[in-house]
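All remarks here apply to the structure that follows.
Laboratory data are not the source of any read-out in this text; all were calculated from the coordinates shown. In this text the structure is predicted, and so the values were computed from the model without any measurement. Reconstructed Cβ throughout: ideal geometry from the backbone, glycine too, with neighbour counts over all protein chains shown.
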Amino acid sequence: MPYQRSNPVREWEMEMTAPLPDPVDSTELESGPIDEYEMDITRWEGHHSVCQTIRDIYHMIDNPQAKLKCRLAMNMTKKMHQRLKWYKQQEEERANERR
């Protein structure tokens, strides 16, 4: 079953809405690469998620600079997931207020 397609928001629509408060502390965004022990977690091995794909790439390469980039990408992915969960919570709260 394919994912439901949603059309992107036009730029003028984005300008109409008020900015949402920042759910993530700015110090967390500047935390840098994720710890190496996070890259060795095997719980999700075989799953097709962004984080697991980054882990697989991390273990396939020997270049330390590329491994650092993988750790940075993992941190960015986790922050993105945190933000998406926050947006979902906000949307659910708005839906409950409309009822």
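Okay, here's what the table says:
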read-out	value
nm² value of the averaged projected area, convex hull over the Cα atoms of segment 32-98	5.4 nm²
Extended-chain gain in nm, criterion 0.36 nm per residue less alpha-carbon gap, Ile41 and Asp56	4.3 nm
Neighbour-count ranking [beta-carbon atoms within 10 angstrom, fewest first] of Met39, Met60	Met60, Met39
Lys pairs under 18 Å by Cα in segment 32-98, provided they are eight or more residues apart or on distinct chains	5
